[in-house]
Each structure stands twice: as C-alpha cells, then as structure tokens.
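The values are calculated or read from the model by the stated rules, or taken from the named source; none is laboratory data. Keep in mind it's a predicted model, so treat the numbers as computed, not measured. Quick reminder, even Gly has a Cβ in these numbers, built from the backbone with ideal geometry, and neighbours come from all protein chains shown. When the accessible area is computed, the model is the full protein with side chains, heavy atoms only, and any ligands, DNA or RNA have been set aside. Shrake-Rupley method; radii C 1.70, N 1.55, O 1.52, S 1.80 Å.
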Amino acid sequence: MFKMRQLLITILVLLIVSKSFSQENNTHNSVWNTINIHKKLNDKWSLSTELHFRRTNFLKDWEQFIVRPFVHYKFENDLDLAVGYSYIKNYNYSEYSTPIDAIENNIFQQLSIKHKFSEFSFEHRLRFEERFQQNIVEIAPNIYIKEGLKYRNRFRYKFQITVPLTTLSSNQVLELVLYDEVHLDLGNGLRPEKLDQNWIFIGFSFYPSKHIKIGSGYHDIYLKRGDLFINNQIWETSLIYKI
C-alpha cells in the first residue's frame, strides 16, 4: 500500500507540473518512433545507434529525423559513461518551426546512474551537447537562406522511474515508465541562459524476448521560441534491440 501511495504521489506531481504549462499559445500533435540497436562488446564496452523518425500534424509532415551513434563504457553495474554524435534534420512544418529545413550536428557526452530501491528503479542521465546548427538568415520578407553555422551548448538532465506492474505470459514483465527531462540552453558558454525545453513522459514497456524491448506512451513537450510558448503532444513508441 505504501509503495502504491508513493507511485500515485509521483504521478500526481508530474500531472501538476504538466498542468502548470497550460499557457501555451501553440499546440501540435506528433508521432515519434525510435529504433535503438545496442551491441555489447564485453563487460565494459558497448555500442549503440538510435534512429528517430518524428512526424507531426497527424503524420502528414516530417518534424525531425535523427541518427545518433554512440559508445558506452560501463564502470560498474549502475554507472555508464557514453560519448556520441547526433545528425539532426529539422523540417519546416508550421509558422513556428524552422522557416526552412535545416541540419544540426552535435557531439555529446553523457553519464547515466541507476539505482534500485525494492521494486522501483531510478535513473539519472546527464548529457552535455556541443551543437553546430545551420544559421538561417532572412534576406527578404519570407525568403531565407542558410549561411554558415552557429554554435551553442546545451545541458540535459533526465530523471526516470521504472515500476514493474505485472508479469505477463512467458515471464514478461510489464513496466510503468515515468520521466521528466529538462533542457538548459547554455549559449556559447557553460552557464545556463534559459530553459530550452521540458519533456514529460508516461508510458509502458515490456520485453517480448530477451533481445527486444518495446515501449510506448504519452510524451508532452513544452518549449519557448521567441515570444511563443509551444506545446507538442506526442505518442511515442520505441524498440530496443540488444545483440
């Protein structure tokens, strides 16, 4: 009963935080699908590649496409260090998105820390990104060109809770997954300048086999671009394949 009370309090807090972002001026709906291939080399080293297919306006338009390979080094069971690269294509899909399609290349370093308390699992992920974005210049009213690159840093902190709910057939465990991830824009330095984005997710995951994990759920994103407050309401599905 006490554990269930903790879970309900956690969900309530997340809903309150989400409700506090109810002043958005623009809302759109997206579907995000992710494939993550993970290859273990030995007890310490492993490789991962993520493919993100993100569409919006009820699947009509592309929002983003991301390829993200990275290398992991595991210090111990609950401590993982990774470095990687992201290729990100951002598409023009509305009046408040990028005015023309543009590409970002970034390098990132991340540290993941896991804790287990009774049946609960907690994970902290800290990621630092060095971002090289195509610079978009308006040369005439509603006419844009890409001119050079602009450089910015970003820090991301993700806190995730995983709770086993029930055991399905063949010993498959259905899990509840909740997380909040804060993105801080650091400008060209190391000091936070503003909140770039905030992500909230609630969903479920399970292992149909020992090599495959499937997750799906509701993902709510709040961000501010100029004078606009934007809320992206997403249904997200992921497939993790461990070789």
**Fill in**
If we keep only residues of the stretch 100-122 that are open to solvent by 50 Å² or more (accessible area, probe 1.4 Å) and either modelled with pLDDT under 95 or among the acidic types (Asp, Glu) (or both), then the residue farthest from the chain's Cα centre (by Cα) is 118
**Fill in**
Counted residues in the stretch 203-228 being among the hydrophobic types (A, V, I, L, M, F, W, C), open to solvent by less than 60 Å² (accessible area, probe 1.4 Å) and closer than 23 Å to residue 97 by Cβ come to 2
**Complete:** Looking across the stretch 53-79 at residues that are exposed (fewer than 13 other Cβ atoms within 10 Å of the Cβ) and closer than 24 Å to residue 231 by Cα, the single one that is modelled with the lowest pLDDT is 58
**Request:** Show the residue pairs that are 6+ apart or on different chains and have beta-carbon atoms under 9 Å apart, the first residue being within the stretch 80-96 and within 16 Å of residue 230 (Cα to Cα) and free of Cβ contacts under 8 Å to residues at least 12 places away in the same chain, the second being among the charged types (D, E, K, R) and surrounded by fewer than 18 Cβ atoms within 10 Å (Cβ to Cβ).
**Result:** 92/61; 92/101
**Request:** Filter the stretch 171-198 down to residues that are basic (Lys, Arg) and in a strand (DSSP E or B), then give me how many there are.
**Result:** 1
**Request:** Would you mind stating whether residue 201 is at pLDDT below 95 and either under 19 Å from residue 232 (Cα atoms) or assigned to a strand (DSSP E or B) (or both)?
**Result:** no
**Asked** Out of the residues in the stretch 139-158 that are open to solvent by 70 Å² or more (accessible area, probe 1.4 Å) and within 25 Å of residue 183 (Cβ to Cβ), which is farthest from the chain's Cα centre (by Cα)?
**Response** 144
**Asked** In this structure, does residue 85 turn out to be among the aromatic types (Phe, Trp, Tyr), in contact with a Leu (Cβ under 6 Å, 6 or more places away or on another chain) and surrounded by fewer than 18 Cβ atoms within 10 Å (Cβ to Cβ)?
**Response** no
**Selection within the stretch 28-45 - in a strand (DSSP E or B) and open to solvent by 80 Å² or more (accessible area, probe 1.4 Å)** = 39, 40, 45
